[in-house]
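Chemist: Quick one: the structure is below, questions incoming.
Rule-based calculations on the coordinates, nothing more; no lab input. What you see is a predicted model; the values in this text were computed from it and never measured. Using ideal geometry, Cβ is built from the backbone for each residue, glycine included, and neighbour counts are taken over all protein chains shown.
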Amino acid sequence: MFLCTSDTFRAAAEAGPHDVLKLYNNRGSIVNISPKLPDNTPDSKYRLEVVATYIDDLTVDKSRQEDIRNIERRLEDLEKLILVDAGTIPHEVHDMKLKIQSFNDKLEGIEHLSWLGLFKDISSGTSLQPFWNKKATAKQDEASYQHVYDRFMKMSKVDITEEVKEYLCKPTFDNWQWDDAEMLMLLRQMFIDLKFTTKFNIEMDILHNWLFEVYHHYNAIPFHNFKHCFMVTQMMYGLIQIMDLPKKLSDLEVLILLTSSICHDLDHPGYNNAYQVSNTTSL
């Protein structure tokens, strides 16, 4: 019997190893690519699409910078002409300059936008990445933490797609594809989608800082680390949504469920109870 594999589909679509494929049935619904996929029939044809293509970041970055510079130069020339003719600069020109700057700021973060679903395959089950890097230390250096914080702040300026929001609620969510900054963004989205920011008047800057401090206080240990924190929280979030707990519990109780999931292993040293007892540690 012929077994379907992602490599087979990539070859059929002439897609690269980093391109994202999605398979649709005749109703337009996404279908998981797996060996259990039913055969095509004349009445139920599949549609295979490449929805995101890998492009060399350096080439894109140089091209993007040149395009932005050209736009800025043209706007400066226009500004000079208007100043000569009218003697003053209308506010529309100033607004346009601000929009160009804002657009440039968003483009500068494009390498961090994989969490939007642009470069993630969220339709084919778990990617089964290795859980633990044996060469990692229990504490990251401050430069590493700062890098994660900076990426998190850049991501916070862009909205997560509806497709990713829906996927985040499912127990089949693939935790392995998301890095630390992306997981912080997804935790933030949980607070937003459950309306905690409005119900409890949580300012976004405070939520950002709190989530980062939580991340900062999870140790880089084999199991009870930030990845584990996110996995537990995502499963709790999925249960909250699937069981419609906001209609069965109070807002505060639902907030406690999510917050306790996030914080449940803060500063865990990586040793089990038997070790703590046998070595009479402070715990």
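Chemist: Using per-residue counts of other Cβ atoms within 10 Å, averaged over each peptide, order 85-94, 174-183 from highest down.
Modeler: Top to bottom by mean Cβ count within 10 Å: 174-183, 85-94.
Chemist: Here is a further query. Show me the ranking of peptides 272-278, 44-50 by mean Cβ neighbours inside 10 Å, starting with the highest.
Modeler: Per-residue mean Cβ counts within 10 Å order the peptides as 44-50, 272-278.
Chemist: Take the Cα atoms of region 131-251, build their convex hull, and give its volume per residue in Å³.
Modeler: Dividing the Cα hull volume of region 131-251 by its residue count gives 113 Å³.
Chemist: Do any of 157/227; 99/154; 195/227; 195/248 go past 21 Å between their Cα atoms, and which?
Modeler: Result: 157/227; 195/227 exceed 21 Å.
Chemist: Still on this model: Just to confirm a number: summing +1 for Lys and Arg and -1 for Asp and Glu over residues other than residue 181 whose beta-carbon lies under 10 angstrom from that of residue 181, what do you get?
Modeler: Local net charge: -2.
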